[in-house]
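Novice: Take a look at this one; I'll ask things after.
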Amino acid sequence: MRLESFVRERWMSPGQELAEVRSAVTGDVVAEVASGGFDMGNVLAYARQVGGPNLRRLTFHQRAELLKRLAIHLSERKEQLYKLSYQTGTTRSDNFIDVDGGIGTLFVYASKGRRELPNTTFLLDGAVEPLSKGGSFVGQHVMAPLAGVAVHINAFNFPCWGMLEKLAPAILAGVPVVTKPATITSYVAHALVRMIAESRILPEGALQCIIGSTGDLFDHLTCQDVVSFTGSADTAQKLQRHPVIARESVRFIAERDSLNAAILAPDAGPGTPEFELFIKEVAKEMTVKAGQKCTAIRRAIAPNNHMPAVIEALRERLSKITVGNPELDNVRMGPVVGLGQRRDVLAQVAKLRSEADIVVGDPDNFTVEGADRERGAFIPPLLLHCPDPIRATNVHSVEAFGPVCTVMGYDGLDQGIALANRGDGSLVASVYTYDPAVASDLVFGVGAFHGRLVLIDRDCAKEQTGHGSPMPHMVHGGPGRAGGGEELGGMRGVHHYMQRTALQGSPAMLSRVTQSWIKGAPMVQEGRHPFRYHFEDLAIGQTFISKERTITLEDIEHFAAFTGDTFYAHMSEEATKDHPFFPGRVAHGYLLLSFAAGLFVDPDLGPVLANYGLDSLRFIKPLQPGETIKVRLTAKSKSPRNEQYGEVRWDVEITTDKGETVATYDLLTMNAVRA
Ligand code: NDP
C-alpha cells in the first residue's frame, strides 16, 4: 500500500524517495511512503484561499454541526481503524483510547460549540469597559478566526486522537487544517483522512494531509498561521528555531517529552484504598499503549517507609501482564511501535540504570504470546527503583517512551514536592491521598510545574477518568520540558486559533459593529412592546421603559411570609443598625426582580416562548420601603437556534425614579421565528 497525501481535494504521491513502514508486531512491510514532490506554498495557499473563506462564512453552530456529523460518520467506521491499528502494536483497549477518544473529542467540541458559543462568526470577549467619564467612549474585546492555516504535526502514538483533538478546535474556530501524521503510524491516519474526505462533510479546503516530509512548508508560514506540534523535544526545538517562526511570530503550540509523576501521600499507606489506586494507576500507565503516552507515569514518588510495599505490589500486578500479539484476547500489552523505538527505549533505560536498578522485568528474558519476540518490537514492563532521587538527574530528565517507570522515595512532603518538580515542567501529575490538607499542600506545591493535576481517592475511584487521559473539557499541555503549550480545555483550545482585538469607540458605533447593544447607544422605542416581535423582526436596541412602582412595607412582609425568606435585613429595623450595607429594613433582591418582571412583562400570548435564565445579576442599591422603581428592558443581542426559535439577550436595568441604578442583569428568552 503506497500512502498518498490529500492535497487540494486530490490524493497524490508525487515523491520519488520511498520509505517502508513496518508492522510493530511482525516486522513485515505494511505501507510505503513517498516523501516530497509537493509545492508546500501551494498547499498553504489553497487552505488560505479556499478552506478559510469556506469555514469563516459558517457560524460557530454550523461548524459545530459539521463536527457532530463527522463524529457520527467516523463512529460507524471505527472497526476499520481498530483493525489497521493492531499493526501499530496496540490492543483493543488501547484502540478505544485512540479511536473512540478521538471521536469523543469531536462530539464534545460539537456539543460545547453549540452550548457555549453564540451562533455568530466572531466572539465577544469579556464585558464592555467604560473608558470615559461621560460614557461616550467604551471598549470591548472581540475575537475573530485567524485568516491562516492550522498546521498540525502529530506524534506516532495517537494517529487518530492526535489528529482529531487538534482538528476539532481549529475547525470550530473557522481555521483550515493541514495535518501531518508521524510516518511510522501514518497508515492509520491515512485511513482516517480517507474517511473524512469521502464523507464530504467538511467544506472544500478545510482539511489537507501531508504524508511523509513537510518539505519547505515552514518557509511559507505567516503571522496568521498556527503550528501545533506533538512529539520529541528535539524536533520541537528544531522547528521552533525555524527563522520564519521567529520572523513572522507564528503561534507555536508544543506538547513534548514529559516526566510525569504519580505522588503517593504519607497518609495513603498499604491497606488504604488510595494505596491500591496508586498501584493500579502506575501499572496501568506503564502498560496501556505499551507506555507510549505523553501523559504516562514515568516517576512514581512514594514515602520511603512505604517503598518496599509499593515495589512488591507493583511486582505482583505487573507479573499478570501478558505481552504479545495485540490481536489476541488474553494479551494485555503489545509491542512498542517499531524496532527503532525499541532500541531507543532500551538506550534510555540504560541511561536510567546509571542511577536506578531494575526491580521488575528483564528486557533479555521474557515471554511473548502469539508473535516472534525478535521480529516484533516487544519489551516487557520495566520498573526501576532509584535509591537516591535527590542526587540523581537522569531519572528526572530521560524519557524512556515505552513500558518503563522509576519508583523513588521521599521523606516529608516538601521533599516529595521538590522531586515532582524536578521534572522541570510536566503535562500531568496524579496525587493519591484522602487528606484534604495534604492534597492542598501538594496541589499548590507542584501546581506551577504541571498542566494538569488529578486527585485520586476512594470517593472518585470508580468514575475518575485516569491519570493519563486528557479530557477535551480540560487543558492538555504543560510548562518547561512539556513544551509550554496548551491544547483542548473546551473553548480555551478554540481561542488559540483566533485573534483577540481590543475595540474602542462610541457605544453607538461598537453596538453596530458587534451587533450587541451597549448602554449609551441609541435605543429604539416604538409603540409596540418588544415582546410582540418575532425573532427576526426584533431590532437590537429595541427598548421598553416601564411604569413606576413604589415598594411598601406590606410588600416586603407579604413577600417574606409568602416565600419564607425572613432574613433579618428585611424584617428588623433594629438588626440593621450600624450595618455596613443596609440603612434600615430593605426590600428582598428577589422581590425587586419579581416586581421588575411584573413591570416589563407583556402578558398576552405572543412570540416570546420562554424565559430561560438571568446572567450577570448585580444588586447595586438597597431599597427601603417608600422608594420607587422602574425598569428598562433593551434587546441586547440575538442568536438563532433553529428553524422554530432563537435566543434573545435583554439588557435589564432597574432604577429608582431619581435614576439611581438599583440592579442590572441580562435576561434570556427564547423567541419564536415568524414562519
Ligand atoms: P518526533 O519528534 O521525531 O516526531 C514527531 C512528529 O514530527 C512526526 O510527525 C514527525 O514526522 C515530525 N517531524 C520530525 N521532524 C520534522 C521536521 N523536520 N519537520 C516537520 N516535521 C517533523 O517524535 P516521534 O513521534 O518519532 O517520537 C520520538 C520520541 O518523541 C519518542 O520516543 C518520545 O520520547 C517522544 N515523544 C513524546 C511525546 C510526548 O508528547 N511527550 C509524544 C510522542 C513522542 P515523521 O514521523 O515523518 O518523522
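Taken together, the values in this text are just the output of simple stated rules run on the coordinates, not laboratory data. All values reported here derive from a predicted model rather than from experimental measurement. Here the Cβ is made from the backbone with ideal geometry for all residues, glycine too, and neighbour counts use every protein chain on show.
Novice: Distance from the Cα centre of the stretch 182-212 to that of the stretch 486-518, in angstrom?
Specialist: Taking the Cα centre of the stretch 486-518 as reference, the centre of the stretch 182-212 is 31 Å away.
Novice: Could you please rank His496, His558, placing first whichever residue has the fewest other Cβ atoms within 10 Å of its Cβ?
Specialist: On the way: His496 22, His558 12.
Ranked by crowding around the Cβ, least crowded first: His558, His496.
Novice: Kindly express, to the nearest 10 degrees and within the range 0 to 90, the angle between helix 60-75's C-alpha long axis and the longest C-alpha principal axis of the chain.
Specialist: So the helix axis and the longest Cα principal axis differ by about 40 degrees.
Novice: Additional query: Assuming 0.36 nm per residue, please report the length gained on full extension of the stretch Arg674 to Asp578 beyond their Cα-Cα distance.
Specialist: Details: separation 96, 0.36 × 96 = 34.56 nm, distance 5.52 nm.
Answer, rounded to one decimal: 29.0 nm.
Novice: Next question. Would you mind checking the tilt of helix 307-318 against the longest principal axis of the Cα atoms of the chain, expressed as 0 to 90 degrees and rounded to 10?
Specialist: Helix 307-318 sits at roughly 80 degrees to that axis.
Novice: What percentages make up the Cα-Cα pair-distance distribution of the stretch 564-675 when the bins are 5 Å wide from 0?
Specialist: Using 5 Å bins, I get a P(r) of 2, 11, 18, 19, 15, 12, 9, 6, 4, 2, 1, 0 for the stretch 564-675.
Novice: In addition: Please compute the contact order of the stretch 403-526 in relative form: average sequence separation of alpha-carbon pairs under 8 Å and at least six residues apart, divided by the residue count, as a percent.
Specialist: So the answer I get is 19 percent.
Novice: So, in Å, what gap is there between the alpha-carbon centers of the stretch 630-662 and the stretch 1-41?
Specialist: Cα centroid of the stretch 630-662 versus Cα centroid of the stretch 1-41: 57 Å apart.
Novice: Might you report the magnitude of the Cβ-based charge dipole of the chain about its Cα centre, with Lys and Arg at +1 and Asp and Glu at -1, to the nearest 20 debye? All intermediate terms of the calculation are to be shown ahead of the outcome.
Specialist: Numbers: 69 positive and 77 negative charges, 343 e Å.
With Lys and Arg at +1 and Asp and Glu at -1, about 1640 debye.
Novice: Take the alpha-carbon centre of the stretch 222-261, take the same for the stretch 389-444, and report the distance between them in whole Å.
Specialist: Comparing the Cα centres of the stretch 222-261 and the stretch 389-444, I get a distance of 26 Å.
Novice: Over the chain, what is the relative contact order in percent, taking alpha-carbon pairs closer than 8 angstrom and at least six residues apart? Numbers along the way, then the final one.
Specialist: Working: 1518 pairs, mean separation 85.7, N = 675.
Rounded, it is 13 percent for the chain.
Novice: Based on the Cβ-Cβ distance of Phe567 and Glu65, what FRET efficiency does E = 1/(1 + (r/R0)^6) give at R0 = 45 Å, to the nearest 0.05?
Specialist: 0.45
Novice: Separate question: Using the 10 angstrom Cβ neighbour count as an exposure proxy, how do Arg256, Arg57, Arg391, Arg69 rank, fewest first?
Specialist: With the fewest neighbours first, Arg256, Arg57, Arg391, Arg69 line up as Arg391, Arg57, Arg69, Arg256.
Novice: Percentage of Cα-Cα pair distances in the stretch 177-332 greater than 22 Å, rounded to whole percent? Don't skip to the end; give the middle numbers.
Specialist: Values: 7407 of 12090 pairs.
Counting pairs separated by more than 22 Å, the tail of P(r) holds 61 percent.
Novice: Here's another thing I want to ask about it. With point charges of +1 on the Cβ of Lys and Arg and -1 on the Cβ of Asp and Glu, referenced to the Cα centre of the chain, which listed residue (Ala309, Pro625, Thr88) lies farthest in the positive direction of the dipole?
Specialist: Sorting the options by dipole projection puts first Thr88.
Novice: Express the Stokes-Einstein translational diffusion coefficient of the stretch 376-429 in µm² s⁻¹, to the nearest whole number, given a Kirkwood radius over alpha-carbon pairs, 37 °C and a viscosity of 0.692 mPa s.
Specialist: This corresponds to a translational diffusion coefficient of 264 µm²/s.
Novice: Checking a compactness column here: for the stretch 262-303, what do you get for Rg(Cα) / (2.2 N^0.38 Å), N being the number of residues?
Specialist: Scaled against compact globular proteins, the figure is 1.19.
Novice: Right, next: Once you have all Cα-Cα distances for the stretch 535-581, histogram them in 5 Å bins from zero and send the whole-percent values.
Specialist: With 5 Å bins starting at 0, P(r) equals 4, 15, 16, 13, 12, 8, 8, 12, 7, 3, 1.
Novice: Per residue, how big is the convex hull of the stretch 140-229 when only Cα atoms are used? Give it in Å³.
Specialist: Per residue, the Cα convex hull of the stretch 140-229 comes to 102 Å³.
Novice: How many nm separate the modelled label positions at Asp216 and Cys460, each set 7 Å beyond the Cα in the direction of the Cβ?
Specialist: Label at Asp216, label at Cys460, 5.0 nm between them.
Novice: So, one more: In this model, which of Lys68/Lys293; Lys78/Lys284; Lys166/Lys280; Lys547/Lys621; Lys112/Lys638 are farther than 22 Å apart at the alpha-carbon?
Specialist: The answer is Lys68/Lys293; Lys78/Lys284; Lys166/Lys280.
Novice: For the pair Gln525 and Glu554, what calculated FRET efficiency results from E = 1/(1 + (r/R0)^6), where r is the Cβ-Cβ distance and R0 = 35 Å, to the nearest 0.05?
Specialist: 0.60
Novice: What translational diffusion coefficient, to the nearest whole µm²/s, does the stretch 390-544 have by Stokes-Einstein, given a Kirkwood radius computed over alpha-carbon pairs, a temperature of 10 °C and 1.306 mPa s viscosity?
Specialist: In µm²/s, the coefficient is 78.
Novice: Decide, for the stretch 348-452, between rounded, prolate and oblate: order the square roots of the alpha carbon gyration tensor eigenvalues as a ≥ b ≥ c, take rounded if a/c falls under 1.5, and otherwise choose prolate if a/b is larger than b/c, else oblate.
Specialist: Cα axes put the stretch 348-452 in the prolate bin.
Novice: So for the pair Arg373, Glu79, with labels modelled 7 Å out along Cα→Cβ, what separation do we get in nm?
Specialist: Taking the simple label geometry, Arg373 and Glu79 are separated by 3.6 nm.
Novice: Now for a different question. What base-10 log of the normalised intensity I(q)/I(0) is obtained for the stretch 446-501 from the Debye formula, alpha carbons as equal point scatterers, at q = 0.16, 0.17, 0.18, 0.30 Å⁻¹?
Specialist: So the normalised log intensities are -0.59, -0.65, -0.71, -1.19.
Novice: For the stretch 44-203, how big is Rg over Rh, using alpha carbon atoms and the Kirkwood form of Rh?
Specialist: Across the stretch 44-203, the Cα-based Rg/Rh ratio is 1.09.
Novice: Please work out whether the stretch 1-85 counts as rounded, prolate or oblate from its C-alpha gyration tensor, where a ≥ b ≥ c are the square roots of the eigenvalues and a/c under 1.5 means rounded, while otherwise a/b larger than b/c means prolate and anything else oblate?
Specialist: It comes out oblate by the Cα gyration axes.
Novice: Provide Cys460, Cys294 in ascending order of the number of other Cβ atoms located within 10 Å of each residue's Cβ, fewest first.
Specialist: Cys460, Cys294
Novice: Let me ask something additional. Please list the radius of gyration and Dmax for the chain, considering alpha-carbon atoms only, with Å as the unit.
Specialist: 29.9, 91
Novice: Does anyone have the angle between helix 339-352 and the longest principal axis of the chain? Alpha-carbon axes, 0 to 90°, nearest 10?
Specialist: Long axis of 339-352 versus the principal axis of the chain: about 90 degrees.
Novice: Which whole-number percent is the relative contact order of the stretch 313-465 (Cα, under 8 Å, 6+ apart)?
Specialist: For the stretch 313-465, the relative contact order is 18 percent.
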